[in-house]
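Reviewing the structure listed below.
The values are calculated or read from the model by the stated rules, or taken from the named source; none is laboratory data. Only a predicted model underlies this, so the values are computations on that prediction, with no experimental measurement involved. Here the Cβ positions follow ideal geometry from the backbone for every residue, glycine too, while neighbour counts run over all protein chains shown.
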Amino acid sequence: MLFNSVHFLVFLPLVLVLYYLTKAKYRWVFLLLASYYFYASWRIEYLGLIIFSTLIDYWCALKMSKHGARKQRRPFLVLSLLSNLGLLAFFKYYSFANESLMQLFSYADIGYKYYRFEDLLLPVGISFYTFQTLSYSIEVYRGEQKAERHLGIFALYVSFFPQLVAGPIERFARLGTQLKQQVSFSWSNIRKGLQLMLYGFFAKVCIADNFANIVTPFFENPLDYSAFSAWAAALAYAFQIYCDFFAYSTIAIGLARMLGISIMDNFKSPYFALSITEFWRRWHISLSTWFRDYLYIPLGGNKGSKMLWIRNILIVFLVSGLWHGANWTFVVWGGIHGLIYLLEKLYTPKIQGPIKFFMWLKTFSMVVLAWVFFRAQNFDNASEAFQALFGAGGTNQVELKTVSVLLFGLFALSDYFLFNQRFDTWIDNRKAPLRWSVYLVLLACIFMFGGVENHPFIYFQF
Amino acid sequence: MKLQYYIARFLIVLAAFVLMQVLYTRFFWEEDLKEHADILENLVLVQDSVDAVYFGESSNFTIGKTDQDARSISEMLDDEFPNFKIGTVEKGAQHARIYHSLIKKIPASSPVKMVIVTMNLRSFSADWINSELESNLMKADLLLQDRPELVSRLLLTLNFYDNKRGSERLKDLHAAWKKDKISWPYEFPYDNIYDWDVAKGNGGWLLEDGSWDMPKIQLGTQEIKQFGFDIKEDNPRLKDFDAIAKTCEERNIKLIFNLLAENIDAIDALHGKDLSFLMKRNRDFLKARYQNNELVLVDNLELVREVHFIDKDFPTEHYDEIGRKRIAKNLADSLKKILLKP
């Protein structure tokens, strides 16, 4: 079920009404059923994977909580890691790994065959919920989180529908605890939730979906397009992916808010960052912090020699790239970010006065160019896109509609002004006439200018 | 006091929506129609000036390279009736659901007394029903429905139409090919398209030296996919044609279904009489359903010989000048009988 679908617009009010009509004590049951229904509406058979992941981690955590020493806890952590990463490896990386091996062996003229599973579709959101539940197992292992004894609450933590499919990746300490609390109805929560959803829908259907119509034709045949069009398409993709993912997170936060639950921010105007370091503090925050806490620090972080630190940084960025997709282009994308991050840390002067603009320009350009690898189907496609960007393409022009450009201007302005605050906080502090004018402008844009092609949220595929 | 506040707020929102509807209809609706449902423009152009409307797809307007007469079937037909004006509403790859939505759009004040609706046997096949073209057709259909334009536009944004992605459609198609059973009155090795296609696709036609005859395999398997089925009651296209018949009856518009000619000669050359047996049986099924006192189904199925089909490597209903003339003539003969009726 997509957030931007009629199915969801029927599902949501029903869930809200029934949720608040249910006795507070039993609301978790209702929310769990709603979450499972939400997920099963894609493919019912994949619901089994979430339930499997839930049961394994619930049991492992309980077992870990019975042992004081880390050594005794370790087998259960390993079981949890193997189960979750095993699911991810099988569904997401099986074909990729085998294809890569086949390619590798072919260089040495060695035949390599593997069993191809027909109709094996990537379960929606598997990268997100496996990482979420892994964070719980690791924290229980470390003794930083008590094992949850209530199976229903834990199952709800794993499958909480607003953020199930594309995050933010929440920790149990924050989300699980709230799910146990008894929430009372509040108009303020509903209002703030609706404000966030409105802004999220605007970003998704007016910016991301319209820009997809510029990006898709370009990446099908990059060499047909002029340099101007190539840059327009590269910029359009930068904003397509940002608005798409930002929209999902914003809608998720709004939905949770309507249910009386607060979930973390995932974006803070990342394209206004002055460095790649800052970019990663503002982009997909829940994933960056996940990698920091569960990969970078266990690898040793910045403790140790400079070479070790460099190794740790590169591992984190490369794994982050691979997490996004089963393709070497994603690994290259992660590697580029890792290298720029290292260069910045090692050589960047302190940011002052007029340098700021150039720092921003450098960061933004790097991010936009790196996205080319992220979007390209393969290296040949990326190479063609780069050739077009630097003038070796044809004369075709992408179709830039005035309305799309104006809508983009509106979003870019709002993103600039919001910077470190959320839309609901900003709008709540405005006077009624302005507040209502903003609501109506956003609604009018959604009604009149939303994209009309079927573009599911990009991060669903991760 | 609080109630008044809420009523005032509600009225402001309502007024804003009315304003949005006016602005949208005035400045943006036409453009969206042009982009997603341009066939409606065809109808608007003719609906107030013709006695009959011919709803067609590429079979109507595709012409051969050497044709001297480039007129479409409907134009040839129109020329036969100087005192009965026939207008054309056409676009490639359309089907009955779109025709139905368009017929509903003909205003009550229109002089249109008759509609001629193209009936393409291929449009009943799983291949067409699960085709990727369907998304665009359903998008057009959504905009053609009677509701406030602003609401239609929002529903388009929310993808409130059959908007499956290519991979999902392919999966459904393969499932349909396996599931839809063909009942044979005699012994035949395959009872579904999937098995039949696989068998013929793997060396079903051979060259003299024993190697695979690829052109024949490609054409032959396409013919199986396009025509190797029985039309059953749950076929969505059948529901669309039923709906057309019902709407025309309600609106007192005379309805003629024009069943297109297929390349039976080429099909028999590759499949013997087996595949054309299914096609004729489906034709008979449609005739039994749609030929009665109120309805006319003009049967062109076997009317055009192979030489008059333009495409040789894929089954289509594209005819050269002579092919189009034969269909126009057959249709005109039926029309004359209707028009001469007191």
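With respect to (1) out of contact with any helix residue (DSSP H, G or I) (no Cβ under 6 Å at 6 or more places or on another chain); (2) part of a loop (DSSP other than H, G, I, E, B), the lone exception for B:Asp162 is condition (1). Here A:Trp328 clears all of (1) in contact (Cβ under 8 Å) with a residue 60 or more places away in the chain; (2) hydrophobic (A, V, I, L, M, F, W, C); (3) surrounded by fewer than 22 Cβ atoms within 10 Å (Cβ to Cβ); (4) in contact with a Lys or Arg (Cβ under 9 Å, 6 or more places away or on another chain) except the condition numbered (4).
Conditions tested, residue by residue: (1) surrounded by 12 or more Cβ atoms within 10 Å (Cβ to Cβ); (2) closer than 16 Å to A:Ala236 by Cα; (3) within 29 Å of the chain's Cα centre (by Cα).
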{"position": "A:Met366", "(1), (2), (3)": "yes, yes, yes"}
{"position": "A:Ala370", "(1), (2), (3)": "yes, yes, yes"}
{"position": "A:Phe373", "(1), (2), (3)": "yes, yes, yes"}
{"position": "A:Ala376", "(1), (2), (3)": "yes, yes, yes"}
{"position": "A:Asp380", "(1), (2), (3)": "no, no, yes"}
{"position": "A:Ser383", "(1), (2), (3)": "yes, no, yes"}
{"position": "A:Leu389", "(1), (2), (3)": "yes, yes, yes"}
{"position": "A:Val398", "(1), (2), (3)": "yes, yes, yes"}
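Would you be able to say whether some residue in region B:126-133 is under 22 Å from A:Phe8 (Cβ atoms) and either more than 14 Å from chain A (Cβ to nearest Cβ) or charged (D, E, K, R) (or both)? There is no residue in region B:126-133 that is under 22 Å from A:Phe8 (Cβ atoms) and either more than 14 Å from chain A (Cβ to nearest Cβ) or charged (D, E, K, R) (or both). Of all the criteria given as (1) surrounded by 18 or more Cβ atoms within 10 Å (Cβ to Cβ); (2) in a loop (DSSP other than H, G, I, E, B), the one not satisfied by B:Ile182 is (1).
Restricting to region A:223-266, and then to whatever is in a helix (DSSP H, G or I) and aromatic (Phe, Trp, Tyr), can you tell me which residue is surrounded by the most Cβ atoms within 10 Å (Cβ to Cβ)? Break it down stepwise before answering.
At the first step, the residues of region A:223-266 found to be in a helix (DSSP H, G or I) are A:223-224, A:227-258.
Then keep just the ones that are aromatic (Phe, Trp, Tyr); that gives A:228, A:231, A:237, A:239, A:242, A:245-246, A:248.
Working: A:Phe228: 14, A:Trp231: 16, A:Tyr237: 25, A:Phe239: 24, A:Tyr242: 24, A:Phe245: 23, A:Phe246: 26, A:Tyr248: 28.
In this case the residue turns out to be A:Tyr248.
Per the listing A:Thr329, A:Thr348, the residue uniquely modelled with pLDDT under 95, closer than 24 Å to A:Pro270 by Cβ and polar (S, T, N, Q) is A:Thr348.
Under the condition of being within 15 Å of B:Leu154 (Cβ to Cβ), in contact (Cβ under 8 Å) with a residue 12 or more places away in the chain, assigned to a helix (DSSP H, G or I) and facing chain B (nearest Cβ under 9 Å), the residues counted in region A:430-462 number 3.
For region B:274-288, taking the residues that are touching a residue at least 40 places away in the same chain (Cβ under 8 Å) and either among the charged types (D, E, K, R) or closer than 25 Å to B:Ala70 by Cβ (or both), the one that is surrounded by the fewest Cβ atoms within 10 Å (Cβ to Cβ) is identified as B:Arg281. Listed by first and then second residue, the pairs linking a residue in region A:122-148 that is among the β-branched types (Val, Ile, Thr) to a residue that is part of a loop (DSSP other than H, G, I, E, B) and surrounded by 23 or more Cβ atoms within 10 Å (Cβ to Cβ), with Cβ atoms under 6 Å apart and 6 or more places separating them unless they lie on different chains, are A:Val124/A:Val165. Of the set (1) within 23 Å of the chain's Cα centre (by Cα); (2) crowded, with 20+ Cβ neighbours inside 10 Å; (3) closer than 30 Å to B:Ile267 by Cα, all apply to B:Asn159 but (3).
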